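Computed from the coordinates by the stated procedures, all read-outs in this text should not be read as laboratory data. Small disclaimer: the values here were computed from a predicted structure and weren't measured. Counting neighbours? That spans all protein chains shown, and the Cβs are built from the backbone with ideal geometry, glycine included.
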Amino acid sequence: MPDLSRVPSVDEVGVNERVARFQSRSIKKASKVEALKMILSMIDLTTLEGQDTPGKVRQLCQKAIHLHDAMPGLPHVAAVCVYPMMVGVAKEALQGHDINIASVATAFPSGMSSREVKLDDTRMAVDAGANEIDMVISRGAFLAGEYAFVFDEIMAVKEACGDAHLKVILETGELGTLDRVRRASVLAMHAGADFIKTSTGKIQPAATLQVTLVMLQAIKDYYYETGRMVGMKPAGGISNAKLAVHYLVMLRETLGNAWMTPEWFRFGASSLANDALMQLMKQSTGVYQSADYFSKD
Amino acid sequence: MAIPENKLAFDGGWEYAPAPESTDHIAVKKRYGLFIDGDFVAPEKGRYFDTINPANEEKLSRVAVASQSDVDKAVKAARKAYAGPWSRMKPKERGKYIYRIARMMQERAREFAVIESLDGGKPIRESRDVDIPLAAAHFFYYAGWADKLEYAFPGRTAKALGVAGQVIPWNFPLLMASWKIAPALACGNTVVLKPAETTPLTALKLAEVIADAGLPDGVVNIITGAGDTGAAIVTHPGVDKVAFTGSTNVGRIIQRALAGTNKKYTLELGGKAANIIFADAAIDQAVEGIVNGIFFNQGHVCCAGSRLFVQESVADEVIEKLKDRMETLIVGDPLDKNTDIGAINSRMQLEKIESYLKIGQSEGGTMHQSSCAMPDKGYWCRPTIFTGVSQSSRVVQEEIFGPVLAIQTFRTYNEALSKANNTPYGLSGGVWTDKGSKIFKMTQGIRAGVVWANTFNKFDPTSPFGGYKESGVGREGGLHGLGAYVKLEA
């Protein structure tokens with residue numbers, strides 16, 4: 001386990017100032033088009049509802065493959081993200097396409113269950129064909145200072161994942177301070193996380209530029225310490241392309257170009273794709289089209 | 001922190017397309033006269049000089065050189081306006097005029113910002129977000145004091161001094177003009193102001209605003225020229241108060257010239273601020289503070305955090321992070337909204353900075369510069385840091401006034417404090433620590449006019465600003481700034 005007492009503290013005022021600087025970057029023309037395409041390619045297209053059905057998931061997979069065929073040269077999204085029950089449906093629907101299947105697991109979203117149940121949940125998703133697992137940490141244990149418990153939990157889930165990539169959801173909206181976000185990030189990376197992720201999307205606030213910056217800085221320190229790259233996934237609350245572009249600006253100026261691919265950066269989002277598509281069409285035609293020209297699956 | 005061989009790469013890949021601010025909406029005349037007694041008039045001797053854009057060395061306009069007789073005229077106009085409407089006007093009415101100037105500056109903020117960046121080389125992001133809003137804020141703030149001077153000095157009667165002669169520098173042209181003019185007017189004085197010869201345009205634009213605001217003729221006179229003009233203002237027998245911002249050397253000359261006269265004066269001079277990072281600081285935010293402290297406005301800042309002291313246990317980490325951060329700084333066209341660091345203000349200043357880069361290396365310092373691309377034309381300097389320097393190095397002792405940071409390490413609190421204070425300057429300082437008690441202890445010990453904790457280069461019109469030791473005499477801003485423009489009677 002890492003020595004959390006050595007994790008640097010975070011000054012919220014300074015973080016806010018830095019974030020404001022990213023938001024004052026002016027991204028226009030060619031660099032905007034490039035950014036919008038990059039955003040599309042980084043999306044984990046997500047449906048995590050109690051009302052999800054196989055039909056709904058199949059439609060989402062269609063959208064993942066055919067983002068907007070009216071516009072040639074578009075990338076496809078990075079992954080679809082579903083509950084373990086739906087992984088099999090997604091696998092079938094995405095057959096022959098280079099789109100990852102991500103599944104939430106470990107008693108998502110609260111994580112309030114036993115280790116056994118969480119590991120079974122994980123194995124079930126992996127066995128059904130998920131190659132990415134989005135786990136939640138036990139926030140209660142973390143807040144109670146039981147860091148070793150959380151560390152062991154992540155290690156155990158990582159082992160249960162086998163070859164599947166592990167994204168560790170910190171649920172920053174429940175951690176309360178940026179200092180804790182930073183510490184939880186360090187804990188998760190040392191425990192074997194391939195990605196660290198802000199939120200389940202079920203708790204407000206979900207992803208913010210502030211928590212994402214703190215997590216990116218933790219990734220950077222971890223990389224310099226170990227040489228291992230860890231990915232980043234802000235999730236929830238990023239519904240428009242302009243905000244997503246600010247995330248890319250922040251990524252570029254914090255971790256540099258190596259991270260600017262779907263392999264290392266993802267957006268957990270559902271409505272972001274259509275806004276990015278609409279902006280892309282605006283860039284090519286000069287006018288905004290009705291939202292009804294973009295499929296809502 | 002171990003540093004792997006594969007450093008993060010911040011070049012190539014996704015780049016930001018140019019996003020230049022438009023210049024269509026600005027009006028710069030081909031030639032400017034002197035603003036005296038409410039009108040732009042030709043200089044007596046008919047001499048003009050070019051003001052250029054330091055980012056491309058192209059001429060922007062021609063500006064008049066005020067000779068002794070022009071200065072006489074300006075002081076006379078100011079004296080007449082003082083005796084006439086201004087000192088006899090109800091304070092509330094004076095306040096209205098100052099408010100009007102503030103509002104008109106806000107209305108023309110974009111025009112001011114673009115001209116400031118064209119003439120001085122500073123990035124539009126700074127002129128737009130810092131210089132112009134703060135300049136307007138100073139007028140608003142002092143407008144509010146105009147009819148409340150009895151509350152500023154309870155139990156005393158505050159009387160205006162008369163004519164204020166004001167000479168300002170090129171690093172924050174409009175902001176410095178506001179610092180000088182706003183409190184002078186609020187207290188009932190009239191003004192003769194000279195902007196710096198490399199950056200006269202926003203002051204002349206301010207003259208237009210002042211004329212449009214309907215301020216009585218002669219209350220504010222803005223005349224241009226070089227050092228001779230400044231000297232003529234400062235030594236003019238009709239001037240009752242001198243306010244100067246600039247180098248310590250010129251400040252000494254002024255102090256000598258004023259010795260034995262009855263003139264009041266304030267001098268805001270150089271600095272070599274210590275920015276002190278303790279091991280328990282929020283390191284990533286402290287790195288931002290270092291960048292903001294030394295690279296803000298190309299380091300052309302008298303209160304710049306130009307001496308960095310880092311506690312030894314985190315020094316390597318801080319320096320590596322700083323180097324990474326420097327790679328992400330965009331140096332180039334001041335009018336591009338994405339530019340972080342603009343052009344060096346003048347060829348003369350660039351040569352001075354470059355001479356210090358040589359000195360620093362010949363003294364044995366290790367120089368590191370960001371690898372950024374730089375434009376071909378114009379005056380540019382890469383963000384630069386020196387490590388391996390000491391208190392005996394000239395780059396540590398002398399004010400460079402450029403994007404050049406001298407880094408030293410320290411072990412104990414006492415060492416940091418004694419090194420921080422081991423300078424003839426004392427304008428500002430910064431402390432970075434997560435521990436509140438250390439902030440209080442340290443900030444009490446640093447002998448400087450402004451000390452920031454866990455931030456740097458924060459300004460507000462309500463807060464006084466000024467130096468200890470060779471960094472100056474008197475305070476500007478806040479309540480203290482009023483005191484420099486009044487005589488108090490029982």
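For region B:254-263, 3J(HN,Hα) computed residue by residue from phi via the Karplus equation (6.51, -1.76, 1.60; θ = phi - 60°) reads 5, 4, 4, 5, 8, 4, x, 8, 8, 6 Hz, glycine and proline entered as x.
Between B:Arg103 and B:Ser69, the simple spin-label model (points 7 angstrom out along Cα→Cβ) gives 4.1 nm. 3J(HN,Hα) along region A:16-28: 4, 5, 5, 4, 4, 5, 4, 6, 8, 5, 9, 10, 10 Hz, from the Karplus curve 6.51 cos²θ - 1.76 cosθ + 1.60 with θ = phi - 60°, whole Hz, x for Gly and Pro.
Label positions at A:Tyr293 and B:Lys358, each projected 7 Å from the Cα along the C-beta direction, are separated by 6.2 nm.
Counting, for every residue in B:282-294, the Cβ atoms of other protein chains within 10 Å of its Cβ and taking the mean gives 5. Qualifying GluC sites (Glu not before Pro) in region A:1-68, where qualification requires a DSSP coil assignment and no more than 13 other C-beta atoms within 10 Å, comprise A:Glu49. Legend: mean number of C-beta atoms from other chains within 10 angstrom of residue C-beta atoms, peptide B:123-131, equals 1. B:Leu258 sits among other residues whose Cβ lies under 12 Å from its own Cβ, and their net charge, with Lys and Arg +1 and Asp and Glu -1, is +4. Each of the peptides B:122-129, B:393-400, A:50-57 was scored by the mean count of other Cβ atoms within 10 Å over its residues; in descending order, highest first, they stand as B:122-129, B:393-400, A:50-57. At an R0 of 41 angstrom, the distance between the Cβ atoms of A:Ser284 and B:Ala211 translates into a FRET efficiency of 0.25.
Using a Förster distance of 30 angstrom, determine the FRET efficiency expected from the C-beta separation of B:Glu312 and A:Lys242, and round it to 0.05. My answer for the efficiency is 0.10. The string of couplings for region A:101-108 from the Karplus curve (6.51, -1.76, 1.60, θ = phi - 60°) is 10, 9, 10, 6, 7, 6, 6, 4 Hz, one whole number per residue in order, with x for Gly and Pro.
If R0 equals 25 Å, the separation of the Cβ atoms of A:Glu159 and A:Thr261 corresponds to a calculated FRET efficiency of about 0.40. Counting DSSP beta bridges with both partners in chain B, what percentage is antiparallel, nearest 5? So the antiparallel bridges in chain B amount to around 35 percent.
Protection proxy ranking for B:228-237, B:208-217, B:133-142, using the average of other Cβ atoms within 10 Å per residue and placing the highest first: B:133-142, B:228-237, B:208-217. Taking amide H as placed 1.01 Å from N in the peptide plane, the amide H of B:Tyr265 sits under 5 Å from that of B:Val242, each at least 5 places away or on another chain. Shielding of peptide A:25-32 by partners, expressed as the average count of other chain Cβ atoms within 10 Å per residue Cβ, is 6.
The label-point distance for B:Ala42 and B:His25, in a model that sets each label 7 Å from Cα toward Cβ, rounds to 3.5 nm. Summarising the amide proton neighbourhood of B:Gln166: residues at separation of 5 or more, or on other chains, whose placed amide H is nearer than 5 Å comprise B:Val192, B:Leu193, B:Lys194, B:Ala243.
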